[in-house]
Structures are given as structure tokens and as C-alpha cells.
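Have a look at the structure below before the remarks.
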Amino acid sequence: MRLSLVIPTLNRAATLDRTLASLVDQDVEIVAVDGGSTDGSAEILERHRDRLARLVREPDRGHYDAVNKGFALCSGEIMGWLGGDDMLLPGTAALVTWICSGRHECDTLSRWRATRWRPRPTPAGARSSRRIIAP
């Protein structure tokens, strides 16, 4: 399974380089969507162009519009997004891929910590699944 991450960004030059650098050694497809930055973000994206599967530079209607544009371009079976001021910790892509690879039933991962992963009891009559639990 392949993990695709969308990075929606608008004027995040101060943090975007760090965000992209956090993905260098991880097996992840990167789709960057820039809504028309004027602060140097475009130049940072160009420096990382060889790592980007796709780069979209056009006005959008906000963060979630940019995320949806990126999702439409993803080829991975697992999709997510990472803000232009966030970082992916080392090994995270491999862990997410492992969790979603069929060893576990998984529909959604959100705000999770691997150290807190545990099955959640399933209410009677509900579909059995495992979820990531975080405080």
C-alpha cells in the first residue's frame, strides 16, 4: 500500500522547508497545493520539486478546497494531509502504511499517537473495527 500526503499551503515560507524536509526519508507520495503564495513558498516548492509527485499552483477557496484538489491527484491507497507548518516524524509513513495494510481494519486515523494505539470495544450490532485512540 502507498501513502499519499497532500500539503496545502499559502504563504508558509517560514515553515514549509522544514515540513518538506521531514518527508525526505519516508516512502510517501507528496502532492503540494499552493493557493498563490507571495512570500517565497513557491521557490521552496521548486527546490523540493524532485520529491513532489504533483505540484498545483492556483487560487483556491481555502484550506479544504486545496486538500480536495490534492486528493483528486493522489495515487496512493491511503491519503492524508499535512499542513505547511507541520512535520511528519521519522517512521510515521511506514507505521501508517502498516496499520492500514490489512492487518487491521482501519477507516480513519486522526490525531493519534502510536504509543496509545489499542482496540476500542465495539458496541453490540456495530461493525467490528480497530481505531486509534488519543487523549
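Please treat every number below as a calculation from the coordinates, not as lab data. Because the structure is a prediction, the values reported are computed rather than measured. Glycine also receives a Cβ, built like all others from the backbone with ideal geometry; neighbour counts cover every protein chain displayed.
Here are some notes:
- For residue 76, nonlocal amide neighbours, meaning residues 5 or more places apart or on other chains whose placed amide H falls under 5 Å from its own, are 4.
- Gain upon complete extension [residue 86, residue 58; 0.36 nm per residue less C-alpha separation]: 7.9 nm
- Couplings for region 64-78, taken from phi via the Karplus curve 6.51 cos²θ - 1.76 cosθ + 1.60 with θ = phi - 60°, read 6, 5, 5, 4, 5, 4, x, 4, 5, 9, 6, 10, x, 6, 10 Hz in order; Gly and Pro are left as x.
- Placing pseudo-labels 7 Å out from each Cα toward the beta carbon at residue 39 and residue 21 gives an inter-label distance of 1.8 nm.
- Electrostatic tally near residue 14: other residues with Cβ closer than 11 Å to its Cβ, Lys and Arg +1, Asp and Glu -1, net -1.
- Residues 7, 30 arranged by fewest to most Cβ contacts within 10 Å: 30, 7
- Using θ = phi - 60° and Karplus 6.51 cos²θ - 1.76 cosθ + 1.60, couplings along region 83-97 (whole Hz; Gly, Pro as x): x, x, 10, 10, 10, 9, 5, x, x, 5, 4, 5, 5, 4, 4
- Label-point separation, residue 1 to residue 109 (7 Å along Cα→Cβ), nm: 0.8 nm
- Placing a label point 7 Å from the Cα of residue 11 along the Cα-to-Cβ direction, the residues of region 26-49 whose backbone N falls under 20 Å from that point are 33-46.
- Neighbour counts of C-beta atoms inside 10 Å place 33, 28 in the sequence 28, 33, starting with the fewest.
- Estimated distance in nm for a label pair at residue 77 and residue 47, the labels positioned 7 Å out from Cα along Cα-to-Cβ: 3.6 nm
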